[in-house]
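Colleague: Take this structure, written in structure tokens, and hold onto it; I'll ask about it next.
The values are calculated or read from the model by the stated rules, or taken from the named source; none is laboratory data. Computed from a predicted model, the values in this text were never measured in an experiment. Cβ sites come from the backbone with ideal geometry, for glycine too, and all protein chains shown count toward neighbours.
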Amino acid sequence: MCGIVAYIGKREAYPIIIKGLKRLEYRGYDSAGIALLDKGDLNIYKKQGKVANLEEFASGKNITGNIGIGHTRWATHGLPNDINSHPHYSNDGELALIHNGIIENYDILREELKSRGYSFVSETDTEVLVHLIDDIIKTEKVELVEAVRHALLNVTGAYAIVILSKNNPNQLVAARKSSPLVIGIGEENEFFLASDATPIVEYTKQVVYLNDEEIAVVDLNDGLRILSITNQDKTPYIQQLEMKLEALEKGGFEHFMLKEIFEQPRSIHDCFRGRLNAEKGWVALGGLKEYEQKMINANRLIFVACGTSWHACQVGEYLIEGLARINVEVEYASEFRYRNPIINENDIVIAVSQSGETADTLAALELAKSKGATILGICNVVGSSISRITDAGSYTHAGPEIGVASTKAFTAQVTILTLLALSLANKKGTISETTFHTMLADLEAVPDKVKKILDSDAKIKEIARIYQNASNALYLGRNSSFPVALEGALKLKEISYIHAEGYPAAEMKHGPIALIDEEMPVFVIATKGTSYEKVVSNIQEVKARKGKLICIVTEGDTQVKDLADHIIEIPDTDENLVPLLATIPLQLLSYHISVFRGCNVDQPRNLAKSVTVE
Ligand code: G6P
């Protein structure tokens, strides 16, 4: 995590960097800092807390300069205080550096540098980098870029870095390995560097995504040069950004999360647009089409993901096994990568990731690739690391998701997995033509049904008001509504800090039932379908213990209505598509509870949206 941004050109760097940091704040908000080069002076401003704190600290100061770097931190090594904030600087104040990632061998390097006379002011792993580069410049008598290259050859771990140097007032040097870095190309040797394209899109649509172990030099006179850390020159591959600036604004909503929840009719539609035609009866995921036969013939499809994306994969397992009868496993990427899993060429490993940058998910893919498996990706962020290292993949097209708690990205991931399951099932002949056609039509109708659920927001808000002071909550569901229950519980935990657990409804009696009393809200997904009667029995069990029941039911349901304290109706749909609808009221409930509790909805404590450290 951590967000980095840098500017070099003719404009004032400070406003561009501050605005960029705000866009990147979803990556961490423990502290923020900026360094600017102004008429030969290197000035650094750092502050614990959000970018707004830094802005307040800087207000009234005459901050100028056309070259600068900025950082917003998610603390790994060292407390989130002013000293540990980036940029870090060399002992003589000649160099300043920002970093996203973790330097794993920092301890050894630190001791070595200390023995060479360097003093350290922070507890961070990053500070070793700036001293190491400085040491190489001085001892090897090389230029900045050479020193950066030599330094990186001695470093293990992950990094996206940008370095500012008093002695090189016309350039910035950047590099990346396992942490993202995008370079925006402006006019007349003006460059914008950032962890993702959101701080850049306002100024230019032309970008270069730096690859692992590449160094970029952006120079006011000489433009852009890219070389590998093994010193080979590379030709920059310039791409056109498709992101729209409006997508990065709140658009009249109080929070990004609410905006993103309300965007779902559109984002789900965008996800299947051009990939599904119910009338003509076809579905096609262009990026994965070539691999469909391979998926049908594969030993197993292994999905790897983290957090909310892992929940989407769980829904995918029900869909693909249920409809296409292909063996699916779902793994936490962080566990998969370290447990010496059995993988071979007949396996297909599919990463699902909103950001496309999650360190564990990336590493799981690399491991699978090294064992000869085919690797595929389902990502939201175009040009992200996962989308670039995979053999093929599909984008979810949900648009930028800024709220740290994932909402529209989840439903877009589930939509892609539904399309994939339907396409595989149709090709394999495991579902009838009639089922195929009915499901396509039902999927096409999902955006309108989501809209209808969003119309009941006022009612959902009132339910949230009643349970805002709960200390615990239980979420229950069966079949593909079980991962929806997991996701509902995660949303509540993330943004309202209420302890919540998701369980398969029938498992409740193997433990969680002991927790149920009149204080415990129990959210149950009890829509019509194969397990409906079983879930109704579970509801009875909760009621018998005086738990408070908030049930999501199919429109027109009467049985659950008589038992529950509150019901939230969702339109009828094919059972396989329920996750796309049942998720919506759970997102709204969490959102409103968080607002009632006065929590920071978009930037919940301790969390970051893009987890680029393990
Ligand atoms: C973080 C985010 C979650 C996200 C998870 C995986 O924990 O806060 O919202 O689900 O990372 O991220 P990815 O980008 O791989 O989907």
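Colleague: So, restricting to strands (runs of 3 or more DSSP E) that lie completely within the range 180-248, which ones have at least 2 residues that are surrounded by 18 or more Cβ atoms within 10 Å (Cβ to Cβ) and either among the β-branched types (Val, Ile, Thr) or free of Cβ contacts under 8 Å to residues at least 60 places away in the same chain (or both)? Step through it out loud before you land on a result.
Modeller: Working: elements: 182-185, 191-194, 206-209, 214-219, 223-228.
Fully inside the range 180-248 and qualifying: 182-185, 206-209, 214-219.
Colleague: Does Ala405 satisfy the criteria of being within 16 Å of the ligand (Cβ to nearest atom), assigned to a loop (DSSP other than H, G, I, E, B) and surrounded by 24 or more Cβ atoms within 10 Å (Cβ to Cβ)? Outline the logic, then answer.
Modeller: On the way: within 16 Å of the ligand (Cβ to nearest atom): yes; assigned to a loop (DSSP other than H, G, I, E, B): yes; surrounded by 24 or more Cβ atoms within 10 Å (Cβ to Cβ): yes.
So Ala405 passes the test.
Colleague: Another question, if that's okay. Please tell me if Ala412 is hydrophobic (A, V, I, L, M, F, W, C), within 12 Å of the ligand (Cβ to nearest atom) and in a helix (DSSP H, G or I).
Modeller: Numbers: hydrophobic (A, V, I, L, M, F, W, C): yes; within 12 Å of the ligand (Cβ to nearest atom): yes; in a helix (DSSP H, G or I): yes.
Yes.
Colleague: Next question, about the same structure. Grab the strands (runs of 3 or more DSSP E) fully contained in the range 1-68, keeping just those with 1 or more residues being charged (D, E, K, R) and within 17 Å of Leu79 (Cα to Cα).
Modeller: Numbers: elements: 3-8, 31-38, 41-48.
Fully inside the range 1-68 and qualifying: 41-48.
Colleague: Please find, within the range 15-36, the residue that is nearest to Ala160 (Cα to Cα) out of those that are touching a residue at least 40 places away in the same chain (Cβ under 8 Å), surrounded by fewer than 24 Cβ atoms within 10 Å (Cβ to Cβ) and not β-branched (Val, Ile, Thr).
Modeller: Glu25
Colleague: Cβ-Cβ below 7 Å, separation at least six or inter-chain, first residue in the range 101-124 and over 30 Å from Leu362 (Cβ atoms), second among the aromatic types (Phe, Trp, Tyr) and part of a helix (DSSP H, G or I): which pairs?
Modeller: Going by the 7 Å Cβ cut-off, there are no qualifying pairs.
Colleague: I've got another one for you. Take the residues of the range 375-386 that are in a loop (DSSP other than H, G, I, E, B) and more than 9 Å from the ligand (Cβ to nearest atom): which is surrounded by the fewest Cβ atoms within 10 Å (Cβ to Cβ)? Write out each step before concluding.
Modeller: Narrowing the range 375-386 to residues in a loop (DSSP other than H, G, I, E, B): 380-384.
Restricting the remaining residues to those that are more than 9 Å from the ligand (Cβ to nearest atom) gives 382-383.
Values: Val382: 15, Gly383: 20.
The qualifying residue surrounded by the fewest Cβ atoms within 10 Å (Cβ to Cβ) is Val382.
Colleague: Out of curiosity, is Glu533 surrounded by fewer than 21 Cβ atoms within 10 Å (Cβ to Cβ), outside any loop (DSSP other than H, G, I, E, B), free of Cβ contacts under 8 Å to residues at least 12 places away in the same chain and more than 16 Å from the ligand (Cβ to nearest atom)? Even if it seems obvious, please write down each step before you answer.
Modeller: Values: surrounded by fewer than 21 Cβ atoms within 10 Å (Cβ to Cβ): yes; outside any loop (DSSP other than H, G, I, E, B): yes; free of Cβ contacts under 8 Å to residues at least 12 places away in the same chain: yes; more than 16 Å from the ligand (Cβ to nearest atom): yes.
Yes.
Colleague: Do we have any residue at all in the range 415-436 that's within 16 Å of the ligand (Cβ to nearest atom), of a type in the set (A, V, I, L, M, F, W, C), in contact (Cβ under 8 Å) with a residue 40 or more places away in the chain and not assigned by TED's automatic domain parsing to the domain that holds Ser496? First the steps, then the outcome.
Modeller: Just the residues of the range 415-436 that are within 16 Å of the ligand (Cβ to nearest atom), to begin with: 415-417.
Next, from what is left, pick out any that are of a type in the set (A, V, I, L, M, F, W, C): 416-417.
After this cut, where a residue has to be in contact (Cβ under 8 Å) with a residue 40 or more places away in the chain as well, the list is 416-417.
Okay, now just the ones that are also not assigned by TED's automatic domain parsing to the domain that holds Ser496, so 416-417.
Yes, the range 415-436 has at least one match.
Colleague: Then there's this: Can you tell me which residue in the range 71-113 is surrounded by the most Cβ atoms within 10 Å (Cβ to Cβ), limited to those that are in a loop (DSSP other than H, G, I, E, B) and over 26 Å from the mean Cα position of the chain (by Cα)? Even if it seems obvious, please write down each step before you answer.
Modeller: Pass one, the range 71-113, residues in a loop (DSSP other than H, G, I, E, B): 74-87, 90-94, 104-105.
Within this subset, residues satisfying the condition of being over 26 Å from the mean Cα position of the chain (by Cα) are 82-83, 90-94, 105.
Working: Asp82: 17, Ile83: 15, Ser90: 23, Asn91: 16, Asp92: 9, Gly93: 11, Glu94: 18, Asn105: 14.
Restricting to residues being in a loop (DSSP other than H, G, I, E, B) and over 26 Å from the mean Cα position of the chain (by Cα), the top hit is Ser90.
Colleague: I need the full set of residues from the range 359-369 which are touching a residue at least 60 places away in the same chain (Cβ under 8 Å), within 14 Å of the ligand (Cβ to nearest atom) and either among the small types (Gly, Ala, Ser) or within 22 Å of Ser267 (Cβ to Cβ) (or both), in order please.
Modeller: Of the range 359-369, the ones touching a residue at least 60 places away in the same chain (Cβ under 8 Å) are 359-360, 362-365, 368.
Now narrow it down to the ones that are within 14 Å of the ligand (Cβ to nearest atom): 359-360, 362-365.
Answer for the range 359-369, where residues must be touching a residue at least 60 places away in the same chain (Cβ under 8 Å), within 14 Å of the ligand (Cβ to nearest atom) and either among the small types (Gly, Ala, Ser) or within 22 Å of Ser267 (Cβ to Cβ) (or both): Ala359, Ala363, Ala364.
Colleague: Of the residues Ile495, Ile466, Ile431, which single one is among the hydrophobic types (A, V, I, L, M, F, W, C) and surrounded by 24 or more Cβ atoms within 10 Å (Cβ to Cβ)? Spell out the reasoning first.
Modeller: On the way: Ile466 fails: surrounded by 24 or more Cβ atoms within 10 Å (Cβ to Cβ); Ile431 fails: surrounded by 24 or more Cβ atoms within 10 Å (Cβ to Cβ).
Of the residues listed, the single one that is among the hydrophobic types (A, V, I, L, M, F, W, C) and surrounded by 24 or more Cβ atoms within 10 Å (Cβ to Cβ) is Ile495.
Colleague: For the range 561-610, how many residues meet the condition of being under 18 Å from Asn472 (Cα atoms) and of a type in the set (Asp, Glu)?
Modeller: The number of residues fulfilling the criteria is 1.
Colleague: Tell me, which residue of the range 320-353 that is of a type in the set (A, V, I, L, M), crowded, with 24+ Cβ neighbours inside 10 Å and in a helix (DSSP H, G or I) is farthest from the ligand (Cβ to nearest atom)?
Modeller: Per the stated criteria, the residue is Ala324.
Colleague: Can you name every residue in the range 469-492 that is surrounded by fewer than 23 Cβ atoms within 10 Å (Cβ to Cβ) and in a helix (DSSP H, G or I)?
Modeller: Within the range 469-492, just Leu486 meets the criteria.
Colleague: Mind listing whichever residues of the range 317-348 are out of contact with any Ser or Thr (no Cβ under 7 Å at 6 or more places or on another chain), within 30 Å of Asp574 (Cβ to Cβ) and among the aliphatic types (A, V, I, L, M)? It would help to see each step written out before you state the result.
Modeller: Of the range 317-348, the ones out of contact with any Ser or Thr (no Cβ under 7 Å at 6 or more places or on another chain) are 317, 320-322, 326-332, 334-347.
In the following step, the residues that additionally are within 30 Å of Asp574 (Cβ to Cβ) were identified as 317, 320-322, 326-332, 347.
Result: Ile320, Ile326, Val328, Val330.
Colleague: Okay, next question. Which of the following residues is within 10 Å of the ligand (Cβ to nearest atom) and outside any helix (DSSP H, G or I): Gly372, Gly399, Gly356?
Modeller: Values: Gly372 fails: within 10 Å of the ligand (Cβ to nearest atom); Gly399 fails: within 10 Å of the ligand (Cβ to nearest atom).
Every option except Gly356 fails the conditions.
Colleague: Answer with yes or no whether Cys599 is at pLDDT 95 or above, crowded, with 22+ Cβ neighbours inside 10 Å and under 25 Å from Lys259 (Cα atoms). Please lay out each step first, then the result.
Modeller: Numbers: at pLDDT 95 or above: yes; crowded, with 22+ Cβ neighbours inside 10 Å: no; under 25 Å from Lys259 (Cα atoms): yes.
So Cys599 fails the test.
Colleague: Listed residues Ala473, Ala526; which is touching a His at 6+ places or on another chain (Cβ under 9 Å), farther than 18 Å from Gln314 by Cβ and small (Gly, Ala, Ser)?
Modeller: Working: Ala526 fails: touching a His at 6+ places or on another chain (Cβ under 9 Å).
After applying the criteria, what remains is Ala473.
Colleague: Here is a follow-up. Does Ser119 satisfy the condition of being more than 29 Å from Leu153 (Cα to Cα) and more than 29 Å from the chain's Cα centre (by Cα)?
Modeller: Values: more than 29 Å from Leu153 (Cα to Cα): no; more than 29 Å from the chain's Cα centre (by Cα): yes.
In short, no.
Colleague: Next up: Could you pull out the residue among Ala284, Ala305 that is aliphatic (A, V, I, L, M), crowded, with 20+ Cβ neighbours inside 10 Å and touching a helix residue (DSSP H, G or I) at 6+ places or on another chain (Cβ under 9 Å)? It would help to see each step written out before you state the result.
Modeller: Working: Ala284 fails: crowded, with 20+ Cβ neighbours inside 10 Å.
Checking each option against the conditions leaves just Ala305.
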